Amino acid sequence: MLSIEQLIQEVLSLPSESRAFLAEKLLESLEFDIDPMVEAGWMTEAKRRRDEIRSGAVEPIPGDEALAQIRRLLEQ
């Protein structure tokens, strides 16, 4: 059996697509630990944001543009 350190080394040597798939599966395996109150809060927030976009109250921007804005703010 591999130690955690050996396993990490093996995983990091995988192609990026395989690492992404593995990361997704690992995250899915933790989903049972999500607090139902936290999950409900995020669902409420997601629906509120969706409704703001649908109503035109908020204008969405592309993800790369949003990340660029965040990077500029962090550099200040």
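The values are calculated or read from the model by the stated rules, or taken from the named source; none is laboratory data. It should be emphasised that the depicted structure is a prediction, and the values quoted were computed from it without experimental measurement. Every residue, glycine as well, gets a Cβ built from its backbone with ideal geometry; the counts of neighbours run over all protein chains shown.
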Regarding residue 22, is this residue at pLDDT 95 or above and in contact with a helix residue (DSSP H, G or I) (Cβ under 8 Å, 6 or more places away or on another chain)? yes
Could you tell me which of the residues 11, 58, 38 is surrounded by 11 or more Cβ atoms within 10 Å (Cβ to Cβ) and either under 16 Å from the mean Cα position of the chain (by Cα) or assigned to a helix (DSSP H, G or I) (or both)? 11
